[in-house]
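Input: a single structure, listed below in structure tokens.
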Amino acid sequence: MKEYIESFLELLYPEKNTCFICNIYSESIKDRYICETCHKKFKVPEPPLCSKCSRPISYASFNKLCIDCNTYERSFEISKSPFLYEGVVKDSIYNYKYHNKPYYYRLFGKCLLNYMEENNYIQFDYITSVPLHKSKLRTRGYNQAELIGKYLSDNLSIPYVDALKRIKKTTKQSQQSRASRRKNIKNAFAIKNPHKNNIIKNSSVLLVDDVYTTGATAQECSKALLNYEVSKVYVVTIAR
């Protein structure tokens, strides 16, 4: 099945050495899938950063936490993101999710892989991803977080586990206020195939998603995993 999916995606890839973002051809692009000009437009978070969610902090925080992490429960250990969710990054993630560009997982997967290795953020027992509701998965045809999670799994030699399922059909998070997002996503996730997935108990799990905004999704997924006796949950997203 994996080989079939990869063969199908291969048909969709732009020509080798072509930038996924601007479609320019350059032999220098290779397996980065992005030209230098576009990559420079990917803005990165500048310190100081929240020690829990990596949000840039523009004020003196006595405990190195942002306002949200001081206010709301955070069950995960830490969430990291290499980019800010704005400009070219925001547009590219939108295209990845809503404009039928599943092959973008290679671009974002490569960016995350480089970031994680450079920051030694690779000490996990398993990798999983935020699931889509089955109705949305049917409509989109792929789970953008899962594709990246499996890419990281293959390249880091860390087993990927299909650990979570979405049991509540939620409305689009980006259309909600910050308070509504937390209510909208509350208790939306559960462990998928509990008997099959008991290998993740007492282990550390990396949760992969595309964007970290309020942290509500990461929190609810983390709660489901920790309630299943996972020892620690870490989070990584493309942007925040």
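The values are calculated or read from the model by the stated rules, or taken from the named source; none is laboratory data. All figures in this text were calculated on a predicted structure; none of them were measured in a lab. Note that we place each Cβ from the backbone using ideal geometry, even for glycine, and neighbour counts take in every protein chain shown.
Check whether at least one residue in the range 138-150 is over 25 Å from Tyr98 (Cβ atoms), at pLDDT 95 or above and of a type in the set (Val, Ile, Thr), and report yes or no. There is no residue in the range 138-150 that is over 25 Å from Tyr98 (Cβ atoms), at pLDDT 95 or above and of a type in the set (Val, Ile, Thr). Scanning the range 185-196 for residues that are buried (at least 19 other Cβ atoms within 10 Å of the Cβ) and either out of contact with any strand residue (DSSP E or B) (no Cβ under 7 Å at 6 or more places or on another chain) or touching a residue at least 60 places away in the same chain (Cβ under 8 Å) (or both) returns a single hit, Ile185.
For the range 134-148, the candidate set comprises residues that are within 13 Å of the chain's Cα centre (by Cα) and polar (S, T, N, Q); within that set, the residue that is surrounded by the fewest Cβ atoms within 10 Å (Cβ to Cβ) is Asn143.
Of the residues making up the range 85-133, those that are crowded, with 17+ Cβ neighbours inside 10 Å, of a type in the set (Ser, Thr, Tyr) and farther than 26 Å from Ile200 by Cα are Tyr85, Ser92, Tyr96, Tyr103, Tyr104.
To keep it simple, each residue is scored yes or no on (1) assigned to a loop (DSSP other than H, G, I, E, B); (2) touching a Phe, Trp or Tyr at 6+ places or on another chain (Cβ under 7 Å); (3) polar (S, T, N, Q); (4) at pLDDT below 95.
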| site | (1), (2), (3), (4) |
| --- | --- |
| Ser153 | no, yes, yes, no |
| Asp162 | yes, no, no, no |
| Arg181 | no, no, no, yes |
| His195 | yes, no, no, yes |
| Asp209 | no, no, no, no |
| Ser222 | no, yes, yes, no |
| Glu229 | yes, no, no, no |
| Val233 | no, yes, no, no |
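For Asn70, the criteria (1) of a type outside the set (Lys, Arg); (2) surrounded by fewer than 13 Cβ atoms within 10 Å (Cβ to Cβ); (3) farther than 28 Å from Asp154 by Cβ hold in every case but one, which is (2).
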